[in-house]
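The values are calculated or read from the model by the stated rules, or taken from the named source; none is laboratory data. Model, not experiment: these values are computed from the prediction. Cβ atoms come from the backbone with ideal geometry, glycine included; neighbour counts cover every protein chain shown.
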Amino acid sequence: MKYPNDYFHIPKWIYFCDIETTGFDYWRNEILTLSISRHDYASLELDDELELTFKPSNLQHFGGSDVHGFSISDTLEFQNKSESTSKLIEFFENTNCEHNVFCCHALWRYNTFFDWAFLLVHMIKFKTEYFLRNHLNKLESTVNYFKHLQKNGLISVENFKLNTLCNHFKIALDHHDAKSDRVACFELYKIARGF
């Protein structure tokens, strides 16, 4: 997805992000853990990274323990959401640059960028979404890259799930750990860009 100003600016940074959540509903469910890294867009050299936890408030709709492995009692020890959100805003503000790319792996219904949608809704709830809209002007998904590669006969994989691609390319993965998934997304992006 490209915003209009994307055609007039070369990105400075690319961010890789993965989150674990209490479910799949952007408005009802919540972020539990978030892992994000910032890399130079041209060289892909790592500039900074951040790991955050978010204490959930809507325990009535808490789910996903079979996926991410967190129980409700685990997450009650997580950091307050407002504190984590402030740290995330500071992470973006540290670059002083408005034209950047956000990359995640997961696509959801109707080709929605799953991690981006959850992050955006989270920021809307805190009335801070302008930090994302002003800072990130292009969204990418490694799923789309590998779909394109397969369509053009450059790779052949059974599906485009993160664990399938990691097995195919021999990338270490502790699936549904936010940091491991984020690092794997970065490694897959490097492979895709290499084509």
query: Going by the conditions given, is T128 polar (S, T, N, Q), part of a loop (DSSP other than H, G, I, E, B), surrounded by fewer than 18 Cβ atoms within 10 Å (Cβ to Cβ) and out of contact with any Phe, Trp or Tyr (no Cβ under 8 Å at 6 or more places or on another chain)?
result: yes
query: Name the pairs whose Cβ atoms lie under 6 Å apart, with the first residue in segment 24-36 and over 17 Å from S71 (Cβ atoms), the second surrounded by 22 or more Cβ atoms within 10 Å (Cβ to Cβ) and basic (K, R), and 6 or more positions between them or separate chains?
result: S35/R182
field: Residues located in segment 110-121, provided they are in a helix (DSSP H, G or I) and either among the hydroxyl-bearing types (S, T, Y) or within 13 Å of the chain's Cα centre (by Cα) (or both)
entry: Y110, F114, D115, W116, A117, F118, L119, L120
field: Scope segment 42-68; condition over 17 Å from R28 (Cα atoms) and more than 19 Å from the chain's Cα centre (by Cα); matching residues
entry: A42, S43, D66
message: Take the conditions surrounded by 16 or more Cβ atoms within 10 Å (Cβ to Cβ) and either out of contact with any Lys or Arg (no Cβ under 6 Å at 6 or more places or on another chain) or at negative phi (or both) and apply them to L59. Does it pass?
response: no
task: Scan N159, N137 and give me the residue that is buried (at least 18 other Cβ atoms within 10 Å of the Cβ) and not in a helix (DSSP H, G or I).
output: N137
query: What number of residues within segment 73-95 satisfy the criterion of being assigned to a loop (DSSP other than H, G, I, E, B) and either modelled with pLDDT of 90 or more or over 18 Å from I36 (Cβ atoms) (or both)?
result: 5
- prompt: Pick from E129, E140: which is among the acidic types (D, E) and touching a Cys at 6+ places or on another chain (Cβ under 7 Å)?
  reply: E140
query: Which residues, taken from segment 171-195, are surrounded by fewer than 15 Cβ atoms within 10 Å (Cβ to Cβ), in a loop (DSSP other than H, G, I, E, B) and either within 21 Å of the chain's Cα centre (by Cα) or β-branched (V, I, T) (or both)?
result: A172, D174, H175
